[in-house]
1. Modelled label-to-label distance, S217 and E330, 7 Å Cα→beta-carbon offset: nm?
2. Taking all protein chains as present, what is the carbon and sulfur share of the accessible area of the stretch 74-128, in % to the nearest whole number, probe 1.4 Å?
3. Residues in the stretch 274-289 near a label at L49, defined as backbone nitrogen under 11 Å from the 7 Å Cα→Cβ point?
4. 7 Å from Cα along Cα→Cβ at both E344 and A67: what's the point-to-point distance in nm?
5. Over the stretch 221-342, consider all pairs of different Cα atoms and compute the Kirkwood hydrodynamic radius from their mean reciprocal separation; express it in Å, one decimal.
6. So if R0 is 35 Å, what FRET efficiency would R110 and L27 give, r being the distance between their Cβ atoms, rounded to the nearest 0.05?
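The values are calculated or read from the model by the stated rules, or taken from the named source; none is laboratory data. Nothing here was measured: the structure is a model prediction, and the numbers come from that model. Glycine gets a Cβ as well: all are built from the backbone with ideal geometry, and neighbour counts include every protein chain shown. For accessibility, only protein heavy atoms count, side chains too; no ligands or nucleic acids. Shrake-Rupley method; radii C 1.70, N 1.55, O 1.52, S 1.80 Å.
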Amino acid sequence: MYGTSEIVDAAATVDAERTAFRRTEKLYKLYKTQAPKSWKNQAHRKADLSGVIDFHSVLESFKLCGATPAGIFKYECRGFNRPVFCFEERPGFYFIPGALTDDEQVHWIRESLISFPQPPNRTNHTEAYGPIFGLFDAVQNNKVLVEANSTSSEVDRILGYDKTNLNSKRFSFSEYCMFTNNDESYKSVAASLLLRKLRWSTLGLQFDWSKRNYAVSLPHKRMPDDLCLVAKKMAVPAMPNGEEFQPEAAIVNYFGPGDMLGGHLDDMEKDWSKPIVSISLGCKAIFLLGGKSREEIPIAMFLRSGDIVLMAGEARECFHGVPRIFTDSEHADNVDLLSQFSNEADLCFREYIRTSRININIRQNLFSHWILEFTLLEKILVLDET
């Protein structure tokens, strides 16, 4: 669940093409049969989806006859009022179909597009442009990002604490493209393009992609309270008895048409007994759950908007990935969700989520409380919501 949509694992080689996981990825990956001018008009190579597990169908079948397919069982968790399914051969993996209501999905889509990319949260755009405030508002107002002579004190404050950002240039949104005194145009990019190229944002403790670890020194906000409440509630089936999940960081992945997330492990947290809580929003996708080796044939399953997956314990050692999202009207399964964005003011939300998927992955770190105390004592920037 780490990384951007372009990731196919840097360690992949010619030999990796022959692994069972890689072969399965290629079965479901979106391939173009021609070179179209736009994604809307392209022709896709059809994939055989008959072997993909549909937990929504599993749930409906269980309600009718009380039975589950071979290798799958319904997990009973006292005090948890949603259905949970598990694989006999993948301990520590929990699938909660339809965990979020339509209203909850709409809320988290809005938060993912408006709030989560806001500084000091870092995104894949931070390295090139520094802190960018108000991305989605800029999209709604057809603005462009331009190089600026000066920026707000809030931007300067963040940059002052962020020693990883070596870019001396500053950028801000404008309603038009400005020019220098020498009549040479500044570097500029449409806000709509930046949104379409948004691939990840990080919440809470920030993740340093260059070092692949959590960077204590990076400025950050604490995790949003309402997101923590959802994560704590949904993590219950995967938590040891008597323990409560403590969300401290999250990575939000944004998938567009043709994007994928190659097979990988989530191995940066210290305590793998605690789950990753993974929330799916938007277009339907295929999720692959492999084993502890790439040579093990992965299990393919559909992920729909509102589904939640938990991975804890042994499941944290399993390779997994997303080889495909469905953006066509036949397979996207997002008609009901799109109807929630029917107002004219919601046009940008509707157009975005019509061909996109958002995945929120919430995590707990073993040494979190010590980190927060350290950051406060050392006066490292920790920004509150207020």
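1. 5.3 nm
2. Details: 980 of 2400 Å².
The C+S portion of the solvent-accessible surface of the stretch 74-128 is 41 percent.
3. Correct set: 284-286.
4. Those two pseudo-labels are separated by 5.5 nm.
5. On the way: mean 1/r = 0.0631 Å⁻¹.
With all distinct Cα pairs of the stretch 221-342 included, I get 15.9 Å.
6. Numbers: r = 35 Å, r/R0 = 0.99.
Computed FRET efficiency for R110 and L27: 0.50.
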